[in-house]
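Report on one structure; see the data block that follows.
The values are calculated or read from the model by the stated rules, or taken from the named source; none is laboratory data. All figures in this text were calculated on a predicted structure; none of them were measured in a lab. With ideal geometry, Cβ positions are generated from the backbone for all residues, glycine too; neighbour counts draw on all protein chains shown. Protein only, heavy atoms only, side chains kept; ligands, DNA and RNA dropped before computing areas. Shrake-Rupley method; radii C 1.70, N 1.55, O 1.52, S 1.80 Å.
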Amino acid sequence: MPGRGPLPKPERSRPRDTARRAAEQVIVQTDDELRGPDLPEGFDWHERTRSWWATWRESPQASTFSGTDWDFLLDTAMLHSELWAGNAGVAAELRLRTAKFCATPEDRLRLRIVIDVDAKAAPKKQMGSARRSRLLSVVNGDT
């Protein structure tokens with residue numbers, strides 16, 4: 001079963017135009033927003049597929065999906081459900097389809113998708129000097 005070749009080398013080890021390469025990257029941020037449609041009724045979805053679909057809907061990559069992407073992913077969900085129902089013959093196609101959506105770190109590296117995991121972290125507040133003095137006086141036993 002053919003793959004897509006070796007992974008690209010890390011940016012720092014390439015002697016090419018790094019500014020151009022950095023501009024080619026797509027940075028997506030984690031925001032826990034629910035995107036995309038629910039799985040349609042009328043199909044016997046495997047429970048693992050329902051969980052898998054929910055993961056895709058909350059993924060940072062989902063912010064880049066268009067309507068046609070969601071349609072393609074829905075067809076992929078049907079393959080996913082078939083695989084979990086015991087049809088191993090769909091595994092290769094499922095692997096290829098999920099790679100198109102950056103399912104693994106390897107896929108994201110190949111497609112130049114970077115997930116900014118620190119975007120969700122709130123900036124730390126600096127403690128004021130008056131509050132710091134009050135807290136230190138309590139800790140030191142000064143009242």
Row for segment 30-84, column shape: gyration tensor on C-alpha, a ≥ b ≥ c, rounded if a/c < 1.5 i.e. under 1.5, prolate if a/b over b/c, else oblate; value prolate
Carbon and sulfur %, accessible surface of segment 39-120 computed with the full protein complex present, 1.4 Å
54
At 0.36 nm per residue, minus the direct Cα-Cα distance, what do Ser51 and Lys100 gain on full extension? Give it in nm, one decimal, please.
15.7 nm
How many nm is it between the label spots at Ser129 and Asp75, if each spot is 7 Å from the Cα in line with the beta carbon?
6.6
